[in-house]
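K.L.:
One structure follows; several queries about it will come next.
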Amino acid sequence: METSWAKAAALGAETVGVLLFKNIFAIAPGALALFSFRDEPDLYASPKLKAHGATVVQTVGTAVAGLRDLDALVPVLRELGKKHVGYGVLEAHYDVVGDALMKTLEQGLGDAFAPEVRRAWEAVYAVVKATMVGDNYR
């Protein structure tokens, strides 16, 4: 997990972030409406998208680093989940992001994204999703 993330992060937070958002919008084009950069003329060159993508990638890095200390990580993820409700994020959007994250890791890691690495990422993302969703959509 940490090794695969280090390889992905080495590609650069901005690069990985833009790729992640390309994958999100390929899966769910309507998701673009949730973002302040939705009207940017050259979307994937937008400084706003690049900055937001880099922030998301850095947050994933924080989550990966925090896997060894779930007592500290869980409250951060819960708070992040609450914030995303206010942004208009729906529970179904977490599946889109999970699929886009797997696609991004596959693209960035190539052969290093072996089946066992994918399964580990899917398991971790399932926990992240469950924690962020929490009771926010009941």
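The values are calculated or read from the model by the stated rules, or taken from the named source; none is laboratory data. Just so we're clear, the structure is a prediction, and the values are computed from it rather than from any experiment. Note that each Cβ is placed from the backbone with ideal geometry, even for glycine, and that neighbours are counted across all protein chains shown. SASA here: full protein model, heavy atoms, side chains in, ligands and nucleic acids out. Shrake-Rupley method; radii C 1.70, N 1.55, O 1.52, S 1.80 Å.
K.L.:
Out of the residues in region 83-128 that are of a type in the set (Lys, Arg) and within 23 Å of Leu11 (Cα to Cα), which is surrounded by the most Cβ atoms within 10 Å (Cβ to Cβ)?
P.N.:
Filtering first and then ranking leaves Lys103.
K.L.:
Any residue in region 81-109 that is in a helix (DSSP H, G or I) and basic (Lys, Arg) sitting within a Cβ distance under 7 Å of a residue that is open to solvent by less than 30 Å² (accessible area, probe 1.4 Å) and modelled with pLDDT of 95 or more? List the pairs, counting only those 6 or more apart or interchain.
P.N.:
Lys103/Asn23
K.L.:
Tell me the residue from Arg68, Arg78 that is over 17 Å from Lys7 (Cα atoms), at pLDDT below 95 and open to solvent by 80 Å² or more (accessible area, probe 1.4 Å), please.
P.N.:
Going through Arg68, Arg78 in turn, just one is over 17 Å from Lys7 (Cα atoms), at pLDDT below 95 and open to solvent by 80 Å² or more (accessible area, probe 1.4 Å): Arg68.
K.L.:
From (1) of a type in the set (Ser, Thr, Tyr); (2) open to solvent by 60 Å² or more (accessible area, probe 1.4 Å); (3) within 16 Å of the chain's Cα centre (by Cα), pick out the condition that doesn't hold for Tyr137.
P.N.:
(3)
K.L.:
Follow-up. Can you give me the number of residues within region 26-49 that are under 18 Å from the mean Cα position of the chain (by Cα), surrounded by 15 or more Cβ atoms within 10 Å (Cβ to Cβ) and in a loop (DSSP other than H, G, I, E, B)?
P.N.:
Matching residues across region 26-49 total 3.
K.L.:
Can we say Phe21 is hydrophobic (A, V, I, L, M, F, W, C), in a loop (DSSP other than H, G, I, E, B) and modelled with pLDDT of 95 or more?
P.N.:
For Phe21, the condition - hydrophobic (A, V, I, L, M, F, W, C), in a loop (DSSP other than H, G, I, E, B) and modelled with pLDDT of 95 or more - is not met.
K.L.:
Can Glu116 be described as free of Cβ contacts under 8 Å to residues at least 40 places away in the same chain and within 25 Å of Pro29 (Cα to Cα)?
P.N.:
no
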